[in-house]
Amino acid sequence: MNREQLRPALEAMWQDFLSLSPQTRRIHDLLETDNPRILNDHIALRTFDLPRVNIDRISQPFVEAGYSACGEYHFPVKMLFARHYEHPDEDLPKLFISEFRVDELIDEADDEVRNIIHQLVSQISDSDLERDDFSYSGRHWKIDYGTYQQLQRVSEYAAWVAAFGFRPNHFTVLLNALQSHGSIDDLNDFLLQHGFRLNAAGGLVKGGPDEYLEQSSTLADPVEVIFSDRVAILPGGYYEFARRYPQPDGRLYQGFFAASADRIFESTDNRQPGF
């Protein structure tokens, strides 16, 4: 992917994401009424750490288009690793790409789950892997609902990738660029008043000025997923909101902190109270 192809690719990712999170369009339209400029802070992508589809492979087209790797983040309890990427054009969103560490499934009871993930990835054709749009190309394998449930018992994250494939899990509004809301609490109140349900796991607001980053998010939209043996309604994507604070040197913090991101990984699970 070259730089001229980057913006159309990001727009295509946005359009794909709207099918996973229909409420996002309604929120975006509400914000657009009072904000001539809505910037995406970052786009979150998910994958497995297997060589054919790991972070390096997923990020490659974006690196070719000018993105560069920045911070790295470890989530040992959830068996996840993540890296974020930034572009020299500060109006372009950061990319937050995470991967499930498949081979950290070391218990004998997890052998079958590990084998399932390897088998799913093996179904991806080499030609599809070379596509510039692979990171938002969807699911490349057949899977039945029972297998999805088996993965979910071990990792909600792995089950989400197995069900939806390669596509954005969430987009994030940069609160700093909004004129309509001066704080994340104001924005949360606005969303609640309009009937949107927010992720309350770990509190409505994750982080704070001391971490130079505050985040909140909606609950994931329920969407229809077609499995080989049935159709199921699963939590799809969610819309996130971030406020960044200046560091001692005066520059806005551009990274992420693991404690907040770790809680955000839970927000796809709509079995929380209020769903």
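Provide a single number: the residues in the range 194-211 that are small (Gly, Ala, Ser), in a loop (DSSP other than H, G, I, E, B) and at pLDDT 90 or above.
Total satisfying the criteria: 3.
Scanning the range 93-125 for residues that are of a type in the set (Asp, Glu) and within 28 Å of Val231 (Cα to Cα), which turns out surrounded by the most Cβ atoms within 10 Å (Cβ to Cβ)?
Restricting attention to the range 93-125, the residues satisfying the condition of being of a type in the set (Asp, Glu) are 99, 103-104, 107-108, 110-112.
Among the residues that remain, those that are also within 28 Å of Val231 (Cα to Cα) are: 99, 110-112.
On the way: Glu99: 24, Asp110: 15, Asp111: 11, Glu112: 13.
Checking each candidate, the answer is Glu99.
Please tell me if Glu64 is more than 23 Å from Asp16 (Cβ to Cβ) and acidic (Asp, Glu). Reasoning before the result, please.
On the way: more than 23 Å from Asp16 (Cβ to Cβ): no; acidic (Asp, Glu): yes.
Here the answer is no, as Glu64 does not meet what is asked.
Show the residue pairs meeting these rules: Cβ distance below 7 Å; 6+ apart or different chains; first residue within the range 72-83 and over 15 Å from Ser155 (Cβ atoms); second residue assigned to a strand (DSSP E or B) and of a type in the set (Asp, Glu).
Close Cβ pairs (under 7 Å, with a partner that is assigned to a strand (DSSP E or B) and of a type in the set (Asp, Glu)) amount to Arg83/Glu72.
I'd like to check which strands (runs of 3 or more DSSP E) are fully inside the range 216-263 and have at least 2 residues that are under 29 Å from Ser68 (Cα atoms) and modelled with pLDDT of 95 or more.
In the range 216-263, the matching strands (runs of 3 or more DSSP E) lie at 238-244.
Could you say which residue among Gln23, Gln60 is polar (S, T, N, Q), at pLDDT 95 or above and within 28 Å of Leu192 (Cα to Cα)? Write out each step before concluding.
On the way: Gln60 fails: within 28 Å of Leu192 (Cα to Cα).
From the options Gln23, Gln60, the qualifying one is Gln23.
Of the residues that make up the range 13-34, is at least one part of a strand (DSSP E or B) and in contact with a strand residue (DSSP E or B) (Cβ under 8 Å, 6 or more places away or on another chain)?
no
Which count do you get for residues in the range 211-259 that are out of contact with any strand residue (DSSP E or B) (no Cβ under 9 Å at 6 or more places or on another chain) and under 22 Å from Arg167 (Cα atoms)?
3
If a residue must be surrounded by 15 or more Cβ atoms within 10 Å (Cβ to Cβ) and either within 23 Å of Asp16 (Cβ to Cβ) or among the charged types (D, E, K, R) (or both), how many such residues does the range 233-255 contain?
Counting residues in the range 233-255 that are surrounded by 15 or more Cβ atoms within 10 Å (Cβ to Cβ) and either within 23 Å of Asp16 (Cβ to Cβ) or among the charged types (D, E, K, R) (or both) gives 11.
Give the residues of the range 58-70 that are under 17 Å from Leu10 (Cα atoms) and out of contact with any helix residue (DSSP H, G or I) (no Cβ under 6 Å at 6 or more places or on another chain), sorted by residue number.
Result: Ser59, Gln60, Pro61, Phe62, Val63, Glu64, Tyr67, Ser68.
Tell me, please, whether a residue that is buried (at least 16 other Cβ atoms within 10 Å of the Cβ) and either in contact (Cβ under 8 Å) with a residue 60 or more places away in the chain or of a type in the set (Phe, Trp, Tyr) (or both) can be found in the range 179-187.
no
Which numbered condition trips up Leu175, out of (1) of a type outside the set (D, E, K, R); (2) free of Cβ contacts under 8 Å to residues at least 40 places away in the same chain; (3) at negative phi?
(2)
The values are calculated or read from the model by the stated rules, or taken from the named source; none is laboratory data. These figures come from a predicted structure and were not determined experimentally. Quick reminder, even Gly has a Cβ in these numbers, built from the backbone with ideal geometry, and neighbours come from all protein chains shown.
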